[in-house]
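Student: Structure incoming, see below.
The values are calculated or read from the model by the stated rules, or taken from the named source; none is laboratory data. This structure is a prediction, so every number in the text was calculated from the model and none was measured. For neighbour counting, all protein chains shown are included, and Cβ atoms are generated from backbone atoms with ideal geometry for every residue, glycine included. Note: accessible area is taken over every heavy atom of the protein model, side chains too, but ligands, DNA and RNA are not part of it. Shrake-Rupley method; radii C 1.70, N 1.55, O 1.52, S 1.80 Å.
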Amino acid sequence: MPFLQLTLSIGSADPAPLWPRVRIKALFDSAADADALRTLFSSATFEHIADRAWEREWLKDFHPMRFGRRLWICPGGQRPQLDETADAQCLIELDPGLAFGTGTHPTTALCLEWLDTTPLHGKSIVDYGCGSGVLAIAALKLGAASALAIDIDPQALIATRENAARNQVSERLTVAVPDAAPRAPAEILLANILAEPLTELAPSFGARVAAGGSIVLSGILRSQAAPVASRYAAWFDMAPATVRDDWALLYGVRRS
């Protein structure tokens, strides 16, 4: 469907702004009243945008990306140029569809790099808030025995199943909404969501990780890492946060 695009440039009133001006772009239905919008936003400019496959627009800027020593995330049909002398590489073909998770965000990158450096052979994995399924699929491709991918978003469950089929790991992957997900403790639980739900889910995650197992939490700002880690300290021995671009990853080991 075509859209009406509004572009608004705003100067900052802050005496010490991060940016002197901010440009905001918003899309409205093409039938929207442009004159009324102009009245509301007197300094805005308008442009009619032709219809396109919006969920595919990301592909223009998405190229194969490497995480750690051997893990690659590749958009459908693309392959990285590999050094023939390099160690065996793990390639994941990914199409997130309408779900979150391509590896471009620092939190996803931190989780993928953690997986790349962790012995996963034979392990059971929970990917809570799976989005595109990238973490569960990466774990399976790196040797995990099984993975449970959980999300509340139906689009995420669709994308996860499709990406699992693309990467030939469907037989070892279970996909479910939280209420229908199996509750047997896993050896590793990853949750790349947000600080508030992570805090609320701490007791549930404590029950979902086997004694001696690992928990990996991200989607957390640097400033949120300490309070989130404190919440999980009731069940886990938490390590110092790993930080990138003001985003943090937390790691802990489940006590007996």
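Student: Grab the strands (runs of 3 or more DSSP E) fully contained in segment 144-256, keeping just those with 1 or more residues being in contact with a Cys (Cβ under 6 Å, 6 or more places away or on another chain).
Tutor: Here the list reads 146-150, 186-192, 209-221.
Student: Return the only residue of ALA226, ALA147 being small (Gly, Ala, Ser) and either open to solvent by less than 10 Å² (accessible area, probe 1.4 Å) or in contact (Cβ under 8 Å) with a residue 40 or more places away in the chain (or both).
Tutor: On the way: ALA226 fails: either open to solvent by less than 10 Å² (accessible area, probe 1.4 Å) or in contact (Cβ under 8 Å) with a residue 40 or more places away in the chain (or both).
None of the other options fit; the residue is ALA147.
Student: Condition check: in contact (Cβ under 8 Å) with a residue 24 or more places away in the chain, more than 26 Å from GLY122 (Cα to Cα) and buried (at least 19 other Cβ atoms within 10 Å of the Cβ). Does ILE220 satisfy that?
Tutor: Judged against the criteria, ILE220 is a match.
Student: Only one residue in ALA32, ALA36 is surrounded by 10 or more Cβ atoms within 10 Å (Cβ to Cβ), at pLDDT 70 or above and not in a strand (DSSP E or B). Which one?
Tutor: Details: ALA36 fails: surrounded by 10 or more Cβ atoms within 10 Å (Cβ to Cβ).
None of the others qualify; the one that does is ALA32.
Student: If THR242 passes every condition in (1) buried (at least 19 other Cβ atoms within 10 Å of the Cβ); (2) closer than 18 Å to THR107 by Cα; (3) hydroxyl-bearing (Ser, Thr, Tyr) but one, which one does it miss?
Tutor: The single condition THR242 does not satisfy is (1).
Student: If you take the residues in segment 179-195 that are exposed (fewer than 12 other Cβ atoms within 10 Å of the Cβ) and charged (D, E, K, R), which one is farthest from THR117 (Cα to Cα)?
Tutor: ASP179
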